[in-house]
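These notes concern the structure reproduced below.
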Amino acid sequence: MQQPSIYEIDSRSVGDDMTQQSVPDTQAQQTAANRDFEALDARSDVVLTAHDLSVFYGDFCAVRDVSMYIKRGEITAFIGPSGCGKSTVLRCFNRMNDLILGARVEGDVHYHGIDLYGPQADAGEVRRRIGMVFQKPNPFPKSIYDNVAYGPRVNGTRRKSDLDAIVEKSLIGAALWDEVKDRLSSSAMGLSGGQQQRLCIARSIAIEPEVLLMDEPCSALDPIATARIEDLMQEIKKQFTIVIVTHNMQQAGRVSDSTAFFTTEVNPNSDRRTGVLVEFDRTQKIFSNPVDPRTEAYITGRFG
Amino acid sequence: MTAAMSLVAVPNRARSVKDLIFKAFLFAGLGIALGALLTLLVNVVVTGSARLNWDLVQNMPSARPKRAGIQSAIFGSLWVVGVTSLISLPLGVGAAVYLEEFATKDRWYNRLIELNVQNLAAIPSVVFGILGLAFIKRGALSLGSTVITASLVLTMLVLPTVVIVSREAIRAVPDSFRQGSLALGATQWETVRRQVLPNAFPGILTGSILSVSRALGESAPLLMLGALTFITFNPTGLDSAYTVLPIQIFAYISNAKKDFEPLAAASIVVLLILLLVLNAAAIYLRNRFQKRW
């Protein structure tokens, strides 16, 4: 938008990844890539950067050499066929991969220039700033109020009046307040699927994270509930930078500003597939004029 | 689409015979199990009916069967089982939380602990009695024939079971709760305290009460410890001498005087009632706390 040059920088570095898979980078290219990465890190409108990010589950490389960034106040969509590593990359952004036994992250993930996997980054603090909404709505078996107040409580808010205000604000923010304001003390499990997912969004935004990661948040919902979540995303993206993983290309096209297309490639020495980032650009560009033929094939529905 | 569709079952002789045989097997199994239990129960109640009155629970043991009661044994049992619960529940639940929530499963020492817990649960209770005799009653701790000695030995006995049932209950808590909590910036301990334990609580409670009630009926390890059989006062503290119901029953049954037989039978009925009360409490508490949201 403002500075098209940054996208050129990025599509060039992504292009490097693709065309020179086996050829080692020359010193000059390596330095240039590092300089780009540092430049991205320094920019105030870039929240998260990933540089040569690879994730392993034991010996298996789930996704490799991902370089990309997330811009503040935008919705970035990850699309691609199953097993292409898009959820894995998403989970690197708030260290949810830590919870998987044997998961290992290589490369750099920076949040405002701070290494998320560095010694000064505490996983709890990372997740407080970078929230997450899961594929399946997962409200706690508590009241609606207690669900939303959970995050503020574990982060030290004790006063009832403060909690009341946060709960109301968050539920309004998640477009759920009018539906539940008269039954805040009833069970969250009694809500419909779409309401539960909006409650999970309210729960996440109650601690005012900067980034909201959404891992296929609509895949368990009907079209009407999906539309409401999509509207909601448009409304809250001014306050919260959103990264969404979706299986639904139309959804990515409708809601996102930038799109990253991942796919799988067959490993030469085993039959397991490793995910790679193929193309990362403005959503409009990806959907109208993709650079890579694999992106075009996926977008036009020829595979995946 | 030739014939009209029909949902009426086609009679099949072989199939219905097999069905019948299978059902007969099931009922036979049920019948044998219940029959044996009922026979014992009726036999005990009939034998002990003459002594089933308040005198039984109010009187202390005595050499004269007409006046003998089991008050000190009832209080002894309550003391020993109570102290056993107080020691074994925090330890067992703590160990279960560690193994399920904190232990990295690929570390050799965690696998060793797991293996040991499984094995300990299968060790005959007499072995714990011998261990207690050597190290708790005498030897290292030298606590003598006291309530605390019996409780420590019974703790060793029930601890592995408490750990196993607590782990089952903790494992049954959906992972999505943990992930949701951690994603909100909660620490692992906060997640355990606010999500895992409250949701696992009914299961932990039920399993623990059932395993502790095993301690109530246990006599072998306490016999090894040489529990006294003739105590005419109730325990007053951890260092009191004690006797427990199973030991008292054992003493009355092995007494040569014929008159002690109804007394022993009546004591068994009391023990069964205590067990029943404990198990009923377990079921009640489970239903009470299993508030399905």
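Read-outs: derived from the displayed coordinates by stated rules, not from any lab. Note that the structure is a prediction, hence the values are computed from the model and not measured. Every residue, glycine as well, gets a Cβ built from its backbone with ideal geometry; the counts of neighbours run over all protein chains shown.
With +1 on each Lys and Arg Cβ and -1 on each Asp and Glu Cβ, how big is the dipole of the range B:15-92 about its Cα centre, in debye rounded to the nearest 20?
That gives a dipole near 200 debye.
Could you give each residue of the range A:264-276 its phi-based ³J(HN,Hα) in whole Hz, using Karplus coefficients 6.51, -1.76, 1.60 with θ = phi - 60°, and x for Gly or Pro?
Karplus values, whole Hz, x for Gly and Pro: 9, 10, 7, 6, x, 9, 7, 8, 7, 9, 10, x, 9.
Considering the dipole of the protein assembly as shown built from charges on the beta carbon (Lys and Arg +1, Asp and Glu -1) around the Cα centre, which of A:VAL47, B:TRP108, B:ILE123 is farthest to its positive end?
The Cα lying farthest towards the positive end belongs to B:ILE123.
If neighbour count is taken as other Cβ atoms inside 10 Å, put B:ARG107, A:ARG282, A:ARG127 in order from fewest to most.
B:ARG107, A:ARG282, A:ARG127
Considering amide H positions built from the backbone, and no H for Pro or chain starts, which residues 5 or more places from A:LYS71, or on another chain, come under 5 Å of its amide H?
Here A:VAL47 satisfy the definition.
Mind checking the full-extension length gain between A:ASP52 and A:ARG159? Use 0.36 nm per residue of separation minus the Cα-Cα distance, one decimal, nm.
34.1 nm
Size of the dipole of the range B:75-240 about the Cα centre, Lys and Arg at +1 and Asp and Glu at -1 on the beta carbon, nothing else charged, in debye to 20?
That gives a dipole near 100 debye.
In degrees from 0 to 90, rounded to the nearest 10, what is the angle of the helix A:4-19 Cα long axis to the longest principal axis of chain A?
Helix A:4-19 sits roughly 60 degrees off the main axis of chain A.
Rounded to whole Hz and in sequence order, give me ³J(HN,Hα) for the range B:38-48 from the Karplus expression 6.51 cos²θ - 1.76 cosθ + 1.60, θ = phi - 60°, writing x for Gly and Pro.
Working through the residues one at a time gives 5, 4, 4, 4, 4, 4, 5, 5, 5, 4, x Hz.
Would you mind calculating the relative contact order of the range B:75-240 from Cα pairs under 8 angstrom and at least 6 residues apart, reporting the percent as a whole number?
Dividing the mean separation by the residue count of the range B:75-240 yields 37 percent.
Please report the spacing between the Cα centers of the range B:186-235 and the range A:157-201 in Å, no decimals.
Each part reduced to its Cα centre gives a spacing of 39 Å.
Using a basic spin-label model with each label point 7 Å from the Cα along Cα→Cβ, how many nm lie between B:TRP108 and A:GLU125?
Label at B:TRP108, label at A:GLU125, 3.6 nm between them.
Quick check on the exposure proxy: order A:THR157, A:THR49, B:THR232 from fewest to most C-beta atoms within 10 angstrom.
B:THR232, A:THR157, A:THR49
Classify the range A:80-144 as rounded, prolate or oblate, taking a ≥ b ≥ c as the square roots of the eigenvalues of its Cα gyration tensor: rounded when a/c is under 1.5, otherwise prolate if a/b is larger than b/c and oblate if not.
oblate
Taking the number of other C-beta atoms within 10 Å as the exposure measure, put A:ILE172, A:ILE70 in order starting with the fewest.
A:ILE172, A:ILE70
Could you work out the relative contact order of the range A:4-299? I mean the mean sequence separation of Cα pairs under 8 Å and 6+ apart, divided by the number of residues, in percent.
Relative CO of the range A:4-299 lands at 24 percent.
When a/c is below 1.5 the answer is rounded, else prolate if a/b is larger than b/c, else oblate, so apply that to chain B with a ≥ b ≥ c taken from the square roots of the Cα gyration tensor eigenvalues.
Cα axes put chain B in the oblate bin.
Report the Cα centroid-to-centroid distance between the range B:52-103 and the range A:105-128 in angstrom, as an integer.
53 Å
Taking R0 as 35 Å, what's the FRET efficiency between A:SER186 and B:ARG286 from their Cβ-Cβ distance, rounded to 0.05?
Using R0 = 35 Å, I get an efficiency of 0.90.
Divide by every residue of chain A the summed helix terms, -39500 (n - 2.57) for each DSSP H run of at least 4, and state the resulting mean residue ellipticity at 222 nm, rounded to the nearest 500 deg cm²/dmol.
Computed ellipticity for chain A at 222 nm equals -12000 deg cm²/dmol.
Along the charge dipole of the protein assembly as shown, Cβ charges K/R +1 and D/E -1, which of A:ALA206, B:ILE268, B:LEU152 sits furthest on the positive end?
Final value for the positive-end residue is B:ILE268.
Counting only other chains, and only Cβ atoms inside 10 Å, what mean value do you get across the residues of B:82-88?
Shielding by partners across B:82-88 averages 0.
At 7 Å along the Cα-to-beta-carbon direction for both B:VAL45 and A:VAL266, put a label point, then send me their distance in nm to one decimal.
7.4 nm
What lysines does B:LYS257 reach when the alpha-carbon gap must be under 24 Å and sequence neighbours fewer than 8 apart in one chain are set aside?
Of all the lysines, those that pass the test against B:LYS257 - Cα under 24 Å, at least 8 places apart if same chain - are B:LYS66.
Residues in the range B:257-286 near a label at B:ALA63, defined as backbone nitrogen under 17 Å from the 7 Å Cα→Cβ point?
Under 17 Å, as judged by backbone N against the label point of B:ALA63, lie B:257-260 of the range B:257-286.
Quick check: the angle from helix A:223-236's long axis to the longest principal axis of chain A, C-alpha only, nearest 10 degrees?
Helix A:223-236 and the main axis of chain A meet at about 80 degrees.
Zone of A:LYS238 (label point 7 Å along Cα→Cβ, backbone N under 20 Å): which residues in the range A:60-103?
Counting only backbone N, you get A:71-76.
State whether the range A:4-299 is rounded, prolate or oblate according to the following rule on the C-alpha gyration tensor (a ≥ b ≥ c being the square roots of its eigenvalues): a/c under 1.5 gives rounded; otherwise a/b larger than b/c gives prolate, and the remaining case gives oblate.
Since a/c reaches 1.5 and a/b is larger than b/c, the shape of the range A:4-299 is classed as prolate.
Could you tell me how far the Cα centroid of the range A:80-97 sits from the Cα centroid of the range B:112-158, in Å?
Spelled out, the Cα-based centre of one part sits 50 Å from the other.
Name the residue from A:GLY80, A:GLN251, A:VAL266 whose Cα lies farthest towards the positive end of the charge dipole of the range A:4-299, charges +1 on Cβ of Lys and Arg and -1 on Cβ of Asp and Glu.
A:GLN251
Helix A:193-205 versus the longest principal axis of chain A: what angle, 0 to 90°, nearest 10, using Cα atoms?
Tilt relative to chain A: about 80 degrees.
Rounded to the nearest 20 debye, what is the charge dipole size of the range A:58-119 about its Cα centre when +1 sits on each Lys and Arg Cβ and -1 on each Asp and Glu Cβ?
220 debye
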